[in-house]
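Read through the structure below, which is laid out as structure tokens, and then see the notes.
Derivation of every value follows stated rules applied to the coordinates shown; laboratory data play no part. A quick note: this is a predicted structure, and the numbers were derived from the prediction, not measured. Positions of Cβ are backbone-derived with ideal geometry, glycine not excepted, and every protein chain shown enters the neighbour counts.
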Amino acid sequence: MARSAAGRALREEASASDGAESATANDAGEKMVIVKPAANAIRILKFLVEAGGPTRSVTISRSLGLNASTCFNILRTLVLEDVVEFDPVAKTYSVGVGLTTLVGNLLTEGQRVAAATPQMRELADRYNITMTLWKRLGPDKIVLVKSVASPANVRIEMAEGQRLPVLMASTGRIMAPHLGWSRKDLKAAFKALRWQTPLTFEDYWEQVEAAEARGWASDQGYFTKGVQTIAAPVFDRAGDVAFSIVGVMLLGQYEDGQLDEIGAALRDAGRRLTNALT
């Protein structure tokens, strides 16, 4: 009980002022120095985790009783250290993928996926597309673990939990070279698939090779007529594709040059998510 009381006293002391340091005593009567910016940074991170979504700086400072300028400066520092994400359009802050790297194996997969959501939301808002995150499930399946809907009035929505064959759609094109299957096995698995717009294995494999070269894959209405998807890999520490981050949009929504831009953005996001998700 005494230790808990001391902990409360430390937190109250830390929140009482935004100065650099303060002194108090521990249970043994020894002098302890509290570095308030460090304590306040931890309080801000805890607040963002508990908030569960993007939050403005003024809301954080008022909720925690911090000086607005001090709160802003700490947030900007945390953004520079990649543990907090800043949305320049909405002027909001949320937990960044760098935080998941810090805590590593202490996080559950659900918490890791939640930490990836702000990046997915930013891409969905930037391009007016639905963003999805797929996980490889066993040797021959993928499962949708997160979906962030497009903000557009006309949009495609995806139900989390659905499963697909591992070679299907744009995700299949980035998974295929990393499955460890022979070409004969790949061809046999491909022939068992049902595409709404049929294509040959040779055409499919050309698209696989193109995707591997540029770092992202595209499915232009083959899996589902009228729907375009762009996928980029998220590698695990062994160099295998563990997840894919996928943009889902209407076929013809963007010209080729814009699709290249989206593909590059997803490729970069996949690289940033590698340490966070695996």
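Taken along the Cα-to-beta-carbon direction at a fixed 7 Å, the label points for residue 49 and residue 237 span 2.0 nm.
Protection proxy ranking, highest mean first, for peptides 240-250, 41-51, 259-269: 240-250, 259-269, 41-51, where packing is the per-residue count of other beta-carbon atoms within 10 Å, averaged. With the convex hull of its Cα atoms as the shape, the range 134-215 has an orientation-averaged projected area of 6.4 nm². Annotation for the range 166-239: trypsin sites (Lys or Arg not before Pro) lying in DSSP loop with at most 11 further Cβ atoms inside 10 Å of their Cβ are 194, 225, 237. Here the gap between residue 35 and residue 128, fully extended at 0.36 nm per residue and compared with their Cα-Cα distance, gives a gain of 29.2 nm.
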